[in-house]
């Protein structure tokens, strides 16, 4: 078992009371079906996830990662552990940053949900700001930003057919289906104290997206939730990504959808300060590439035409608003007691404002 760095150890917490796994049936199941599940069982929770629940499962000196959907009703097609298992059972062969999936359990009687077990990768996560251990190093920030774009380009250059994932999703009509599908999710997740403001605030962006749908381009494997805090970084050199996490929405489609999504988090020093509050990576720190530089780097690595990237950025703001609203409505309905989510309606309104700024 590799000794974790202090930054990595800080990712773990005792299980939240309402998210604790009952190991009564889990332990014997894993000992039977998971190679290496020997020795005393110990379970902790990774605190960073806001949707799928992720746990460190240790048997003696052997560590694994268990992932399951969030508590409560799940929107159709969301938090798909079967999809994540399918992707991660093969993707590591051509994209080494993808952890290998080891086990899929479809028997919901074991822990109350379908779950998967994956290999344990080591590293730490950068979320709202660069850790103080690495602060004040603009050259490092620059390398981290480039590494993030390079990893995304590397994923998009994978030949899905070579690893049997060419049947994962449909490329034809991808953007049209995405827009209509996320509109349905939006309508299905609305609720709470600011429902009408959210609905009206997002209306201009939805109208613009429908009127400016880009032409179809060649498809690629998409992560669909790609950002810095879904990457593990090496504590010895944070510009080295050790793993890309959270693959339950992976599909085939327009690769600029992934680029637009990460750009939605790519806040610059001169941006509206609210953008940093809503959803941001610490790219506003000195040294990080600008959004324009990130786009240029991606185009250089992939050869992609990025002239219509604005559409993908606006769509990303809308998509993220839907995801946040889905998290918030679970809190409103009492399906999670995580107090972090109580004010998420403000982020939804903020993203509606951001979308309007982008198209103005």
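The values are calculated or read from the model by the stated rules, or taken from the named source; none is laboratory data. The structure displayed is predicted, hence computed values, not measured ones. Every residue, glycine as well, gets a Cβ built from its backbone with ideal geometry; the counts of neighbours run over all protein chains shown.
Residue 337 passes every criterion in (1) crowded, with 22+ Cβ neighbours inside 10 Å; (2) within 30 Å of residue 15 (Cβ to Cβ) apart from (1).
Any chance you could count how many residues in region 149-177 are part of a helix (DSSP H, G or I), more than 18 Å from residue 90 (Cα to Cα) and touching a strand residue (DSSP E or B) at 6+ places or on another chain (Cβ under 7 Å)?
Within region 149-177, residues that are part of a helix (DSSP H, G or I), more than 18 Å from residue 90 (Cα to Cα) and touching a strand residue (DSSP E or B) at 6+ places or on another chain (Cβ under 7 Å) number 1.
When residue 161 is tested against (1) surrounded by 14 or more Cβ atoms within 10 Å (Cβ to Cβ); (2) out of contact with any helix residue (DSSP H, G or I) (no Cβ under 8 Å at 6 or more places or on another chain); (3) more than 30 Å from residue 9 (Cα to Cα); (4) modelled with pLDDT of 95 or more, just one condition goes unmet, and that condition is (1). In region 244-277, what count of residues is obtained for those that are touching a residue at least 24 places away in the same chain (Cβ under 8 Å), under 22 Å from residue 295 (Cα atoms) and not in a loop (DSSP other than H, G, I, E, B)? Total satisfying the criteria: 15. Looking for something touching a helix residue (DSSP H, G or I) at 6+ places or on another chain (Cβ under 8 Å), within 18 Å of residue 258 (Cα to Cα) and outside any loop (DSSP other than H, G, I, E, B) - is there at least one such residue anywhere in region 128-139? Among the residues of region 128-139, not one is touching a helix residue (DSSP H, G or I) at 6+ places or on another chain (Cβ under 8 Å), within 18 Å of residue 258 (Cα to Cα) and outside any loop (DSSP other than H, G, I, E, B), which makes the answer no. Tallying residues that are under 23 Å from residue 222 (Cα atoms) and at pLDDT 95 or above within region 126-142 yields 1.
The strands (runs of 3 or more DSSP E) found wholly in region 49-125 and carrying at least 3 residues that are over 22 Å from residue 11 (Cα atoms) occupy 101-105. For region 189-209, the criterion of being touching a residue at least 60 places away in the same chain (Cβ under 8 Å), crowded, with 18+ Cβ neighbours inside 10 Å, closer than 29 Å to residue 93 by Cβ and in contact with a helix residue (DSSP H, G or I) (Cβ under 9 Å, 6 or more places away or on another chain) is satisfied by no residue at all. Among (1) closer than 26 Å to residue 335 by Cβ; (2) at pLDDT 95 or above; (3) surrounded by 15 or more Cβ atoms within 10 Å (Cβ to Cβ), which single condition is residue 74 missing? Only one criterion in (1) closer than 26 Å to residue 335 by Cβ; (2) at pLDDT 95 or above; (3) surrounded by 15 or more Cβ atoms within 10 Å (Cβ to Cβ) is unmet by residue 74, namely (2).
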